[in-house]
Amino acid sequence: MKLEKWALIAEIVGGIAIVLSLVFVGIEIQRNSQAQIRATTQNVVSEYNTTLESLTASAELACIYARGIQDFSGLAGADQVRLSSYLLRWNRVIEDVFYLESAGAVEARTWLQIDRQQREVAQLPGFQQWFILRRHWLSPDYQTYVSGLIEAPGEAEPLRFVDPDCQTR
């Protein structure tokens, strides 16, 4: 064989190797993206669960929540501060999930579950009172999302937390 034929064969083999390398890189990028989505979802769900667990860790906060989610304006000053702090934390976590979901970085089922809970909470009068007062603490896009939840009728009747034994100041 002449040198030119060997050069042509080497060029073809080199081209095939480049294509195979690009396919391999593409597959690895896709796998990495999926792993990143799973890790992000796990972190967000963990933070969400931690926020919810704070209600079970403190009977006093749970009582403040039970009363305040029905009538935020009826809470005394210190209890308003505690519930406001909790609702801000709750909404910051959901706001993070909201933006991650819109970027495709959260699994759809995770967003669906969190969105359903937020829809119910948004129907509660104490949450709506708080949101009117403190919406400016949240990003404009998230404010629009929550406002839409408040205006839309809920799919299910939101839970009404009533506990006459809760005695907070």
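Tell me the residue from A103, A76 that is surrounded by fewer than 18 Cβ atoms within 10 Å (Cβ to Cβ), touching a Ser or Thr at 6+ places or on another chain (Cβ under 9 Å) and at negative phi, please.
Working: A103 fails: touching a Ser or Thr at 6+ places or on another chain (Cβ under 9 Å).
Step by step, each of A103, A76 is checked, and only A76 is surrounded by fewer than 18 Cβ atoms within 10 Å (Cβ to Cβ), touching a Ser or Thr at 6+ places or on another chain (Cβ under 9 Å) and at negative phi.
Within segment 1-37, track down each residue that is at pLDDT 75 or above, of a type in the set (K, R) and under 47 Å from the mean Cα position of the chain (by Cα).
none
For D115, only one of the following conditions fails: (1) buried (at least 19 other Cβ atoms within 10 Å of the Cβ); (2) modelled with pLDDT of 90 or more; (3) within 13 Å of the chain's Cα centre (by Cα). What is its number?
Here D115 clears every test but (1).
For Y48, all conditions in the list (1) out of contact with any helix residue (DSSP H, G or I) (no Cβ under 6 Å at 6 or more places or on another chain); (2) surrounded by 10 or more Cβ atoms within 10 Å (Cβ to Cβ) hold save one; what is the number of the exception?
(1)
For the list (1) in contact with a helix residue (DSSP H, G or I) (Cβ under 9 Å, 6 or more places away or on another chain); (2) of a type outside the set (F, W, Y); (3) under 20 Å from R116 (Cβ atoms); (4) at pLDDT 85 or above, I need the number of the one condition that E53 fails.
Here E53 clears every test but (1).
Kindly evaluate S139 against the criterion of being among the small types (G, A, S) and modelled with pLDDT of 95 or more.
yes
The values are calculated or read from the model by the stated rules, or taken from the named source; none is laboratory data. Keep in mind that what you see is a predicted model, and the values were worked out from it rather than measured. A quick note on method: Cβ atoms are made from the backbone with ideal geometry, for glycine too, and the neighbour counts reach across all protein chains shown.
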